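First comes the structure, then the notes that go with it.
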Amino acid sequence: MDIGKLKKYSDLAHDLNVTKRNSLEKMRARQIMAYEGRLFRADAQTINTVSTLKAHSKQFYLLDTNDNPCHIKDPDDFLRKLIERNQETLNTYSQLHDTLKRRK
Amino acid sequence: MTTGVLMYCFNTPTMEYSKLALKSCELIEKNLNLTITIVTDHETHKNFPQVGGISYKIVKHKTQNYRFYRGQNVPWYNMERANAYEHSLYDTTLLLDCDYLCFTSNLLELCKSDNDFLLHNKVHDISGLNRILGKLESTLPIVWATVVMFKKTERVKAIFDMIKHVQQNYEHFRNLYRIKFKNYRNDYAFAIALHQLQGQIKTNDFIPTPMNMLPHEYDVLDVDDSSVVYQYNKKVNVVTDTDVHVLDKEFISV
């Protein structure tokens, strides 16, 4: 492969990597949601934690993104909102990912 | 309970910040749907529309500061931000730089939290080259005063009073924390005030995600309702539906 093609390949890889990184940041920013006055990240870890605690208790305490405790009185409502926000952000990211794949 | 945006905007001989502020206001009205107050001076005020949903507070800006921008020192009026607590008309305030472009409603989530003072302590360079933070710039945990959510509480009043104290004695604090930059920077004043008020222990309450920034070496080619197109080294890229702090101030004249 000549150097010109390699340069083009490198430029494209740069653009794709930057776009992917920025899209992930955009997704993480959108995953921040307020609940009962606290800030949570609607990511897989929070969803799993809430799901596990919910299986064992009707109410529980959870630390928010700044390590402040929050009393979760309605785990079903909280889990539903977390999953909704999580899937909204992943759906957006997935669409962009498909676009990037087509550019490769 | 009222929530609104507070913005400081003073034109300088080299930069028309009012144009940036108007673009920013347009996006705030669209994406945050909050009322806006702009603190400005008489001269800059003439560049703003005299009708519409924006409130103005006219002040006389303090002594001129300067900043390093694209290879030269340019005038910069940034001393008034310390008075934001007094200038704000709202119970919950989003204090924003006029070059911070809100393309999402993400900041509204911060206002719904019980926190009374939130700002960024991390930054994401959207160019991918991590050019924002240099090494050994100070011995202080840095924060960014570009986006600050605050409520009117006694603690927040103390923070702003401390910021004023730091501003008045900036040379002392600059030496104390070995800050590399000689000019007054709100980022450092806010960081110092928080560090001092928390008993010289690293604080914990920050905006959970990093602030997106586009370094000033990057030229902004276009800004529309949802995206920023930028260029560096002939590489053009776009960031869409993402709040971003744009350091290239000249794009607004394009």
*Within 10 Å of each Cβ in peptide A:23-35, how many partner chain Cβ atoms are there on average? Round it to a whole number, please.*
6
*Put a dot 7 Å past each Cα toward the Cβ at A:ASP11 and B:ASN73; how far apart are the dots in nm?*
4.0
*asked:* Checking the a/c ratio against 1.5 first, then a/b against b/c, what shape does the Cα gyration tensor give for chain B?
replied: rounded
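Of all beta bridges DSSP finds with both residues in the protein assembly as shown, what is the antiparallel percent, to the nearest 5? Write down the numbers at each step before the final one.
Numbers: 34 of 55 bridges.
Just about 60 percent of them are antiparallel.
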*Place a label point 7 angstrom from the Cα of B:GLU26 along the Cα-to-Cβ direction, then list the residues of the range B:1-20 whose backbone nitrogen is under 12 Å away.*
B:19-20
*asked:* I'd like the mean, over residues of B:202-211, of how many other protein chain beta carbons sit within 10 Å of each residue's own Cβ.
replied: 4
*Quick one: which residues, 5+ away or cross-chain, put their amide H under 5 Å from the amide H of B:ASP219? H built at 1.01 Å from N.*
B:GLN231
*From the backbone phi of the range B:157-167, what are the Karplus-calculated ³J(HN,Hα) couplings (6.51 cos²θ - 1.76 cosθ + 1.60, θ = phi - 60°) in whole Hz, Gly and Pro given as x?*
4, 4, 4, 5, 5, 5, 4, 4, 4, 4, 4
*Per-residue HN-Hα couplings for the range B:239-245, Karplus 6.51 cos²θ - 1.76 cosθ + 1.60 at θ = phi - 60°, whole Hz, x for Gly and Pro?*
10, 10, 6, 9, 5, 8, 9
_DSSP-assigned coil residues among GluC sites (Glu not before Pro) in the range A:1-97, each with at most 10 further Cβ atoms within 10 Å_ = none
*Taking amide hydrogens as modeled 1.01 Å from N in the peptide plane, which residues meet the under 5 Å criterion relative to B:VAL123, leaving out close sequence neighbours?*
B:MET211
*asked:* Within the range B:190-229, name every residue whose backbone N is under 18 Å away from a label modeled 7 Å from Cα of B:ALA158 along the Cβ vector.
replied: B:190-206
*Accessible surface buried upon A-B contact (total; probe 1.4 Å; Å², nearest 100)*: 2200
*From the square roots a ≥ b ≥ c of the eigenvalues of the alpha-carbon gyration tensor of the range A:1-92, which class results: rounded (a/c under 1.5), prolate (a/b over b/c), or oblate?*
prolate
*asked:* Name the residue from A:SER94, A:LEU12, A:ALA34 whose Cα lies farthest towards the positive end of the charge dipole of the range A:11-104, charges +1 on Cβ of Lys and Arg and -1 on Cβ of Asp and Glu.
replied: A:LEU12
*Karplus-derived 3J(HN,Hα), 6.51/-1.76/1.60, for each residue of the range A:69-84, Hz, glycine and proline x*: x, 10, 7, 8, 8, 10, x, 4, 4, 5, 4, 4, 5, 4, 5, 4
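Note down the magnitude of the dipole of chain B about its Cα centre, charges +1 on Lys and Arg C-beta and -1 on Asp and Glu C-beta and zero elsewhere, to the nearest 20 debye.
Values: 28 positive and 29 negative charges, 182 e Å.
Its charge dipole is roughly 880 debye.
Round to a whole number: what % of the accessible area of the range A:29-104 belongs to carbon and sulfur, probe 1.4 Å?
Working: 2150 of 4520 Å².
Summing carbon and sulfur atoms, their accessible area is 48 percent of the total for the range A:29-104.
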*Using only the Cα atoms of the range B:75-182, build the gyration tensor, take square roots of its eigenvalues as a ≥ b ≥ c, and label the shape rounded, prolate or oblate: rounded if a/c is under 1.5, else prolate if a/b is larger than b/c, else oblate.*
oblate
*Run down the lysines and flag those whose C-alpha is under 18 Å from the C-alpha of A:LYS58, throwing out any fewer than 8 positions away in its chain.*
A:LYS73, A:LYS81
*Under 5 Å between amide H atoms, partner at least 5 residues away or on a different chain: which partners does B:VAL39 have, H built in plane at 1.01 Å?*
B:MET7, B:TYR8, B:CYS9, B:LYS57
*Go through the range B:5-59 and name the trypsin sites (Lys or Arg not before Pro) that are in a DSSP coil and have 14 or fewer other Cβ atoms within 10 Å of their Cβ.*
B:LYS46
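For chain B, what does -39500 (n - 2.57) per DSSP helix run (n ≥ 4), summed and divided by total residues, give at 222 nm, in deg cm²/dmol to the nearest 500?
Details: 7 runs with 62 residues, N = 254.
Taking each H run of at least 4 residues, the total per residue is -7000 deg cm²/dmol.
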*Determine, from the Cβ-Cβ distance of B:THR139 and A:GLN59 and an R0 of 45 Å, the FRET efficiency 1/(1 + (r/R0)^6), rounded to the nearest 0.05.*
0.55
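The values are calculated or read from the model by the stated rules, or taken from the named source; none is laboratory data. Small disclaimer: the values here were computed from a predicted structure and weren't measured. Positions of Cβ are generated from backbone atoms using ideal geometry, with glycine treated the same way; all protein chains shown enter the neighbour counts. Ligands, DNA and RNA are stripped out before the accessible areas are found, and what is left, the full protein with its side chains, is counted by its heavy atoms. Shrake-Rupley method; radii C 1.70, N 1.55, O 1.52, S 1.80 Å.
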